[in-house]
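Notes follow once the structure below has been shown.
Values quoted throughout were computed directly from the atomic coordinates according to the rules given, and no laboratory measurement underlies them. Bear in mind the structure is a predicted one, so any value in this text is a computation, not a measurement. Reconstructed Cβ throughout: ideal geometry from the backbone, glycine too, with neighbour counts over all protein chains shown.
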Amino acid sequence: MENPPDVQHPLRDEAFQSGIDLARHILENANSYHALASEDYPGRDRMRFAVLLVILEESGKLLELVKECEKAAKADYLSVRIENYNDNCLNGRKAIGQILEELRVVDKAFETLGKGKAEPMPEPDFLREDFCGLKERVLYMPLDRSARNLGFIPSGDLMDRLAGAAERNALAAGDYLHDLGRALGLWITLDIAPKGAKGGPHSVRYA
């Protein structure tokens, strides 16, 4: 028997601010993700993947929160109803599904516009694993040697694509909540943005 969903009912203004805070939190984690890749060392991809999993889980929360804030604003509700906010596993699965679909659409558009042949987006190996247990398997070493296989960790390029899509979604969500909030008389701003100066491929991105 499944547990019933946890249901939150924050006031609308608080929910909008929480959405902005969550978008900022995702971008702060993205900074950590890129900083971890600044040089090659044993364990780098393992730690990057752990941070990426958190980014995906938070992205799932943000996607749902933005949708419910929009619904409350259009219906003039004074509170926002959010289900499964604390179910990181469910939110992570939702986010990876949407992000993979977005990337496949981008690849298709790339080909359609005659920009070249795009490689088909692979189905990441980690999706065939128990998503709920991935972070523990990455962060903690089990006594059973047969359980130590981390072959499901994606390549650096694939992780970068997934992280990049999550970052773009967080920035877009922050802008959208800012604009929608202004229509309701709220003045909320995502006070973190892409750095103007170009750095290395994995320099810190947001300030």
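Descriptive notes on the structure:
- For Ser79, residues with placed amide H under 5 Å, excluding near neighbours: Arg12
- Dipole of region 1-78 computed with +1 at Lys/Arg Cβ and -1 at Asp/Glu Cβ about the Cα centre; of Ala75, Leu53, Leu11, farthest Cα towards the positive end is Leu53.
- Ordering 55-66, 20-31 by mean Cβ neighbour count within 10 Å, with the highest value first, yields 55-66, 20-31.
- Interchain or long-range residues, amide H under 5 Å from Ala193's placed H: Ala207
- In region 29-84, Rg over Rh equals 1.26, where Rg is the alpha-carbon radius of gyration and Rh the Kirkwood radius from pairwise Cα distances.
- Helical runs assigned H by DSSP (4 residues or longer) give the chain a calculated mean residue ellipticity at 222 nm of -19500 deg cm²/dmol, each run adding -39500 (n - 2.57) before division by the residue total.
- Cα-based radius of gyration for region 51-139, normalised by 2.2 N^0.38 Å, reads 1.36.
- The calculated pair-distance distribution of the chain uses every alpha carbon pair, bins of 10 angstrom beginning at 0, and gives 8, 30, 34, 21, 6, 0 percent.
- Dipole magnitude (debye, nearest 20) for the chain, charges at Cβ of Lys, Arg, Asp, Glu: 440
- Residues Tyr85, Tyr33, Tyr140, sorted so that the one with the fewest Cβ neighbours within 10 Å comes first: Tyr140, Tyr85, Tyr33
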